[in-house]
Each structure stands twice: as C-alpha cells, then as structure tokens.
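Asks: Attaching a single structure in structure tokens format; questions to follow.
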Amino acid sequence: MAFDPNSYALKNGNFIGLPYDFASAQVVLLPVPWEVTVSYRSGTALGPAAILEASYQLDLHDWDIPNAWETPIYWQQEAVAIANLNQEIRPLAAAHIEALEQAQNMDKDRLKRVNSACVLFNDMVYQHTIKLLRLGKKVGLIGGDHSVPLGYLKALAVLHPSFGILQIDAHCDLRAAYESFLYSHASIFYNALESIPQISHLTQIGIRDTCQEELDYASDNVDRISLFSMPGIRTKQFEGSFSFHQICLEIVETLPHKVYISFDIDGLEPSLCPNTGTPVPGGFRYQEALYLIGLIRKSGREIIGFDLCEVGSASAWDANVGARLTYKLAVELAASQI
Ligand SMILES: [Mn+2]
C-alpha cells in the first residue's frame, strides 16, 4: 500500500508511522532509556517509548520545510542492554541518593558500581552512534535523562574536528560530579567540555535554575561558554529594547558553523513538560524554541546532530510535545545538510 502523508498514521513501529526503513533512512532516531542518576523525579527512561506512541498522533506538515514528510526518518529499536543496565543500576543510585539525604555514611562500593556502570553506558552509546555515523546516518538521540549524550558527542568528535553545542535547558549541567555521581545528568556539559576538545563552543540558553559553582565555571571559561539566562532574555524583551528575533540572532552568532543541539525539554515552560525530571517555572514557549531552531539553518550553519532529553512518561501530553519537537529537530537536521 502506498504511503499517504494526508492519512492517519499506521502503528508500524516507526516514528509517526513513516514508511522508511533503516537502509533508506537519512535520520536515525536512537532511543536511550537511561535515568540512573536522576535526582528528583523518575520516568524519563520510559520517555522514548512514550514519544514513539504519541508520534502516531502527529500530522506531517511543517510550516518551514516543504514536504517535510519526505525526510527519511527511522526509529531504531531500544537497545535491550541499555534498558537492562538502567534497571539494574538505578536502584543502587536511588539508595545512594537516599543515604546522602539522610546524611548516612557513604557506601563506597555501591557508588563505585554506579560510576563504572555509567562508564560502560557511555561506551555503549558511543559504539551505537559511531556505527550509525560511519554508515552516513544523521542521528537524533532520544533520552532518557540528560546524561545520555556524552558517548554520542565523543562519536561526533571523531568525525568533526570542531563543532559547537546549542544547549536549551533550565539548568547549566556544569557541575563537576553531582551527588558523587561522576556522570550525572547535572554534569553532562562539564564532562563534555573537559573530555572533548573538539567542542569549540557551548551556548546555553533558557538557564534559570543554577548555582554559583556552575556560574563560576561558565565565567572562568568565557571564551568557550556563552550563557543566556532566561531572566536575561526576558528582561531584554520586557524593556522593549530587543525583539525575540534579535535575541535569537545574538544567540546563533555565538555558534560556529557546525552545531549540535542538546534539547533538555525543561528548557521549555513547565506547562509543556509537567512530568519532566526537574521542572522549573519560566522557560521558552514552544514557538520560540521552533523559531530559534529554524534560524540556525537559515543562518547557513549545519546541524550535525541532536538529542532530546528529560521527556516525562507519566502523561501523554509530555510525550506529545516531545514527539513534535523530535519531528522538528529531525527534519531540521536533514534539511541543514550542506
Ligand atoms: Mn539538562
């Protein structure tokens, strides 16, 4: 049966029921069900499955990209080894966090097991993504908590000698370890910047929930990190001196030619992600985020990959927003190819 982009979606296991297989795919979406170090609310490991399920509800027209549905997108099955390791290690991490909160003595062996499982996990993501990249695929990683992209960033660094990251997030994620977890969701960009010299620049936007240690790290590395706080962005708008377009141009201009997008859904206002791991009031509106992403391509930059993380699974609404963002990111990833 021929694919009809105007019809309802078939639940065929592919994103939005699209008719493409792995061989024909230009963009591969890789679900990563991992949330070992979550510190507040769990559920994001089931985010990818919830996004896939919600995706069948989407229509295929994109307001920016003609015939977006012709983008060959393929949703890869979840890696069972990752899901299993998450299930095995998450209870150990949860017990560690509980002991910390009760000010009990630290069980060092337990902590060691969590940290070495995270090393193993990062390597699994590296192996999956380098294989896809070497096959010429563009990859979108679907988390999971925000610790998931480290292995993917290392794989991109093998193929791209220099690239920048646009991070949309309520949090800086610049802590040097958090709760003694070396590979915490709260440390992802500290770890990325410290271990991947190919990352020439990190531009953080939407930041509104942070601590002095992270702000100090950002200002100590001001040649490598641009931080646009949410209060800073809104103040410019409230005072009427800048349009959102001008603010976006200022953001995009901090980025080099090759751009990776790391989208933590808590960068949006919490009405769009009520069940995310650590929701924070404020944040971008949906159309604002889409406008900014579109501007990266229009500026002539190349999007080399993306992740979407921290999508909650407790309600279909979080997954609905997550699925729409996934589609937009995937078609922009394909369309920006130079
Ligand atoms: Mn984050």
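The values are calculated or read from the model by the stated rules, or taken from the named source; none is laboratory data. Quick caveat, the model's predicted, so the values are computed rather than measured. All Cβ positions, glycine included, derive from the backbone under ideal geometry; neighbour counts span all protein chains shown.
Asks: Whether any residue in region 128-143 is farther than 29 Å from V80 by Cα and without any contact (Cβ under 8 Å) to a residue 60 or more places away in the chain is what I want to check.
Replies: no
Asks: Is region 308-319 home to any residue that is among the hydrophobic types (A, V, I, L, M, F, W, C) and in contact with a Cys (Cβ under 8 Å, 6 or more places away or on another chain)?
Replies: yes
Asks: Assuming H96 fulfils every condition listed in (1) crowded, with 16+ Cβ neighbours inside 10 Å; (2) under 30 Å from E53 (Cβ atoms) apart from one, which condition is it?
Replies: Tallying (1) crowded, with 16+ Cβ neighbours inside 10 Å; (2) under 30 Å from E53 (Cβ atoms), H96 fails exactly one: (2).
Asks: Tell me, which residue of region 1-50 that is surrounded by fewer than 23 Cβ atoms within 10 Å (Cβ to Cβ) and among the acidic types (D, E) is modelled with the highest pLDDT?
Replies: Applying the filter and picking the extreme gives D21.
Asks: Name the single residue, out of those in region 298-323 being in contact with a Lys or Arg (Cβ under 9 Å, 6 or more places away or on another chain) and away from the ligand (no atom under 16 Å from the Cβ), that is modelled with the lowest pLDDT.
Replies: Ranking the candidates gives A314 first.
Asks: Then there is this: Restricting region 236-267 to residues that are among the hydroxyl-bearing types (S, T, Y) and under 26 Å from G300 (Cβ atoms), which is nearest to the ligand (Cβ to nearest atom)?
Replies: Of region 236-267, the ones among the hydroxyl-bearing types (S, T, Y) are 241, 243, 254, 260, 262.
Applying the additional criterion that residues be under 26 Å from G300 (Cβ atoms) yields 243, 254, 260, 262.
Numbers: S243: 27, T254: 19, Y260: 14, S262: 8 Å.
Per the criteria, the residue is S262.
Asks: Ok, one more. Considering (1) closer than 22 Å to S180 by Cα; (2) at pLDDT 90 or above, say which one T71 fails and leave the rest.
Replies: (1)
Asks: Also: List pairs: first in region 253-281 and at pLDDT 95 or above, second among the basic types (K, R) and within 16 Å of the ligand (Cβ to nearest atom), Cβ under 7 Å, 6+ apart or cross-chain?
Replies: Filtered contacts from region 253-281: V280/R208.
Asks: Within region 268-277, track down each residue that is in a helix (DSSP H, G or I) and either within 16 Å of the ligand (Cβ to nearest atom) or among the aromatic types (F, W, Y) (or both).
Replies: Hits for region 268-277 are P270, L272.
Asks: Every residue in region 153-194 that is free of Cβ contacts under 8 Å to residues at least 24 places away in the same chain and within 26 Å of P281 (Cα to Cα), please.
Replies: Residue satisfying the conditions is A177 alone.
Asks: Tell me, please, whether a residue that is away from the ligand (no atom under 16 Å from the Cβ), more than 30 Å from Y56 (Cβ to Cβ), polar (S, T, N, Q) and surrounded by fewer than 19 Cβ atoms within 10 Å (Cβ to Cβ) can be found in region 279-297.
Replies: no
Asks: Also: Take the residues in region 172-190 that are of a type in the set (S, T, Y) and assigned to a helix (DSSP H, G or I), then tell me which one is nearest to the ligand (Cβ to nearest atom).
Replies: Residue satisfying both the conditions and the ranking: S187.
Asks: Follow-up question, since we're still on this one. Confirm whether E253 is of a type in the set (D, E) and surrounded by 14 or more Cβ atoms within 10 Å (Cβ to Cβ).
Replies: no
Asks: Moving on. Residues L255, L193, L249, L215: which one is farther than 30 Å from R41 by Cα and part of a helix (DSSP H, G or I)?
Replies: Result: L249 is the single residue among L255, L193, L249, L215 that is farther than 30 Å from R41 by Cα and part of a helix (DSSP H, G or I).
Asks: Restricting to region 1-60, and then to whatever is over 19 Å from the mean Cα position of the chain (by Cα) and assigned to a helix (DSSP H, G or I), can you tell me which residue is farthest from P279 (Cα to Cα)?
Replies: It comes out as G17.
Asks: Here are I207, I233, I196, I165: which of them is more than 15 Å from the ligand (Cβ to nearest atom) and either within 19 Å of the chain's Cα centre (by Cα) or surrounded by fewer than 17 Cβ atoms within 10 Å (Cβ to Cβ) (or both)?
Replies: Only one candidate qualifies: I196.
Asks: Out of region 32-72, which residues are within 30 Å of V119 (Cα to Cα) and among the hydroxyl-bearing types (S, T, Y)?
Replies: T37, S39, Y40, S42, T44
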